[in-house]
Amino acid sequence: MRIFRQLNWFFKEQWREYLGGVIALILVAICNVIPARVIGNVVDAISDHRVTSGWLAFWVGVMLIAAAAQYLLRFAWQRLIYGSSYVLERQLRGQLFAHYLNMDPTFYQKWRTGDLMAHATNDVEAVREVASYGILTLADSIITGGSMIIAMGMFVSWRLTLLTLIPLPLLVVLANRLGNKIHESYGKAQASFGDLNNKTQESVSGMRVLKSLGQEKADQEDFNRYVKRTFDANRRAYFWDALFNPATTLIMGLSYIIAIGVGGWMVIKQQLRVGQLVTMMTYLGELVWPLFAIGTLFNTLERGRASYDRISHLLNEKNHWQKPQSHLQISVPANLTVDVDQFGYEDSVEPVLHDIHFKVKPGEMVGIVGPTGGGKSTLMRLLIRDFDRYTGSIKLGKHDIREIAHDRYLANISYVPQTSFLFSTNIQDNLRFQDINAPLTQVQKSAQEAAIDKDIQQMPDQYETEVGQQGVSLSGGQQQRIAIGRALMKATPFLILDDPLSAVDAQTATTIEQNLRHHRDQSVIMVTSRLSTVQNADWVIVLNHGTIVQQGTPGELSQQPGWYQETLQLQKRHQQLEEDLNE
């Protein structure tokens with residue numbers, strides 16, 4: 001019953017609804033007593049030859065009234081108990097989604113997407129079952145079982161009632177033995193479902209890669225292994241659960257044998273009337289549901305407890321962002337001063353960044369270049385506060401950004417990540433994602449600055465064109481430019497671009513760079529692998545092995561021996577070769 005204690009906070013919120021539902025169940029149980037009593041009276045009346053049409057019509061009317069009352073009362077408890085359980089489901093889903101939005105990238109490195117989806121769907125549903133079917137089964141078992149036992153004692157015989165109840169304590173022993181087995185097995189079954197969910201999500205997302213590499217058969221076999229593990233885990237869970245019902249049937253069979261044997265003997269000895277024995281058997285039949293319900297109750301509770309434990313463990317995860325001590329008022333535009341002495345990921349032995357010192361003044365464009373693995377993207381993630389645990393400081397104006405509320409700081413930044421992500425809607429809604437009511441003229445302006453407007457105009461549905469799942473219907477370059485246009489829709493002091501032009505040709509990339517430089521007054525920080533796109537930058541920083549190895553204006557760096565000069569000459573020769581081949 002620990003799961004009920006864990007959900008005590010919710011039952012306190014919804015106590016009126018649950019109290020009303022339990023009262024309705026009590027009234028249903030009272031109505032359930034009436035038919036068996038009526039049947040017994042009718043049997044005795046038939047035996048005594050005292051049945052009349054009027055007398056029979058009266059008792060039929062009583063039965064009909066009891067049936068109508070049961071119908072209305074059952075509707076009431078379903079509305080109150082099941083309706084409240086959906087409130088719990090909504091709250092849990094809301095808590096999980098809010099938690100997902102609040103967590104930092106470290107959380108998403110630890111938890112797989114499939115597991116997070118399983119928590120928000122399958123686990124929440126299992127907990128909701130506790131607040132609906134679990135409450136119903138517990139209350140109905142106690143109320144119906146208790147009312148039937150009391151009715152047997154009052155209207156039949158206490159001695160016979162006690163004798164028929166002798167086998168029932170065996171159910172308590174059985175429930176205690178199977179409870180832990182069911183809990184453990186359902187925990188494993190829920191975990192295997194998360195693994196299967198994650199595998200499905202990865203396979204669907206990477207379908208194009210699978211097909212291009214001809215790995216459909218291998219992935220199908222891998223998927224089948226996940227399915228088999230999930231099947232085996234659920235089979236073990238259902239094995240333990242399935243033991244309860246046959247055992248309950250056996251125990252109930254013993255009660256029936258006692259009732260028939262002893263009750264028949266009492267009828268022969270004239271200590272019991274035939275009608276009373278029929279009533280006894282009817283009441284005993286009504287006990288079948290509460291006893292069987294105990295089995296499904298433990299199933300529901302243990303499955304719900306396993307799921308709630310998983311959800312609670314997830315919600316207890318904390319993000320690594322430092323909490324500001326006060327609500328600082330920041331004024332922009334302002335300098336962004338980077339003085340990072342050292343930063344490393346949790347699982348890294350050596351620091352990923354060290355001795356990073358530079359300043360971005362209002363309206364400046366700063367280019368970040370360097371070889372692959374030099375630390376460029378990591379630096380960008382520090383600037384957008386993906387990670388706060390580093391030695392040194394990053395200041396916006398006079399304040400360390402870690403002293404500024406997270407949402408307030410990010411409100412000053414437009415960011416385009418290295419990998420573009422588009423939502424499964426049309427181009428216009430992707431561009432105006434931050435302001436869904438933005439006019440088309442504003443959307444078109446941002447698209448023009450991102451050099452994607454001409455491409456859109458050539459599409460049959462233009463800005464109403466559906467992009468498909470994660471932009472599957474668009475080329476890589478189009479996806480990147482739409483992502484840039486989306487960022488430009490947000491008028492912020494800082495624009496951070498993490499190599500968003502890798503799939504764009506050199507001429508288009510230069511056009512976008514000029515638009516950013518000459519038509520906007522934002523401070524721009526651009527990571528790029530193509531040096532031609534930072535030729536108009538105010539300052540260029542070269543990162544290698546996690547530190548700054550060169551910095552200066554593009555003109556100065558082109559004259560200095562080093563990585564920048566060598567790469568610039570190499571890219572110029574490559575571009576010239578392409579131009580010669582195209583002639």
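Just so you know, all these numbers are worked out from the coordinates, no wet-lab data involved. Just so it is clear, the structure is predicted and the values come from calculations on it, not from any experiment. Every residue, glycine as well, gets a Cβ built from its backbone with ideal geometry; the counts of neighbours run over all protein chains shown.
Once you place label points 7 Å from the Cα toward the Cβ at T391 and A69, how far apart are they in nm?
7.9 nm
What do you get for Rg/Rh of the stretch 2-315 when both radii come from the Cα atoms and Rh is the Kirkwood radius?
For the stretch 2-315, the value is 1.12.
Under 5 Å between amide hydrogens, which residues at least 5 positions from M526 or on another chain qualify, with H placed 1.01 Å from N in the peptide plane?
Residues meeting the amide H criterion: V366, G367, I368, L497.
Tell me which label goes with the value of Kirkwood radius over Cα pairs in Å computed from the coordinates here: (1) 28.2; (2) 30.1; (3) 24.7.
Looking at Kirkwood radius over Cα pairs in Å for this model, the match is (2).
Lys/Arg Cβ at +1, Asp/Glu Cβ at -1, dipole of the chain taken about the Cα centre: which of P439, G552, Q522 is farthest positive-ward?
Value: P439.
What is the sum of charges, Lys and Arg at +1 and Asp and Glu at -1, for the other residues whose Cβ falls under 13 Å from the Cβ of L80? List each step's numbers first, then the result.
Working: positive: R16, R74, R79; negative: E17.
So the environment of L80 carries a net charge of +2.
At 222 nm, what value in deg cm²/dmol follows for the chain if DSSP H runs of at least 4 each add -39500 (n - 2.57) and the sum is divided by all its residues, to the nearest 500?
-20000 deg cm²/dmol
Find the centroid of the Cα atoms in the stretch 335-378 and in the stretch 213-287, then give the distance between the two in whole Å.
Spelled out, the Cα-based centre of one part sits 65 Å from the other.
Taking the number of other C-beta atoms within 10 Å as the exposure measure, put F223, F421 in order starting with the fewest.
F421, F223
Roughly what % antiparallel, to the nearest 5, for the DSSP beta bridges in the chain? Before the final figure, lay out each step's value.
Values: 21 of 38 bridges.
Expressed as a percentage, antiparallel bridges in the chain total about 55.
Pairs K359/K490; K181/K217; K12/K181: which exceed 25 Å Cα-Cα?
From K359/K490; K181/K217; K12/K181, over 25 Å: K181/K217; K12/K181.
With a Förster radius of 56 Å, plug the Cβ-Cβ distance of F239 and L577 into 1/(1 + (r/R0)^6) and report the FRET value to the nearest 0.05.
E(calc), rounded to 0.05, equals 0.25.
Using packing as a proxy for protection, rank 272-280, 563-571, 369-377, 229-237 so that the peptide with the highest average count of other Cβ atoms within 10 Å comes first.
So the peptides 272-280, 563-571, 369-377, 229-237, ranked by packing, come out 272-280, 369-377, 229-237, 563-571.
Would you work out the charge dipole size for the chain about its Cα centre, treating the Cβ of every Lys and Arg as +1 and the Cβ of every Asp and Glu as -1, and quote it to the nearest 20 debye?
2680 debye
Report the gain in length on full extension from V349 to F421: 0.36 nm times residue separation, minus Cα-Cα distance, nm rounded to one decimal.
Gain in length upon complete extension: 22.8 nm.
Which order do K228, K395 fall in if you start with the one that has the fewest other Cβ atoms within 10 Å?
By the 10 Å Cβ count, ascending, the order reads K228, K395.
State the answer as a single residue: which of I330, L243, I404 lies farthest towards the positive end of the charge dipole of the chain, with beta carbon charges of +1 for Lys and Arg and -1 for Asp and Glu, about the Cα centre.
Sorting the options by dipole projection puts first L243.
Roughly how many whole Å is it from the C-alpha centroid of the stretch 403-424 to that of the stretch 508-574?
Here the answer is 23 Å between Cα centres.
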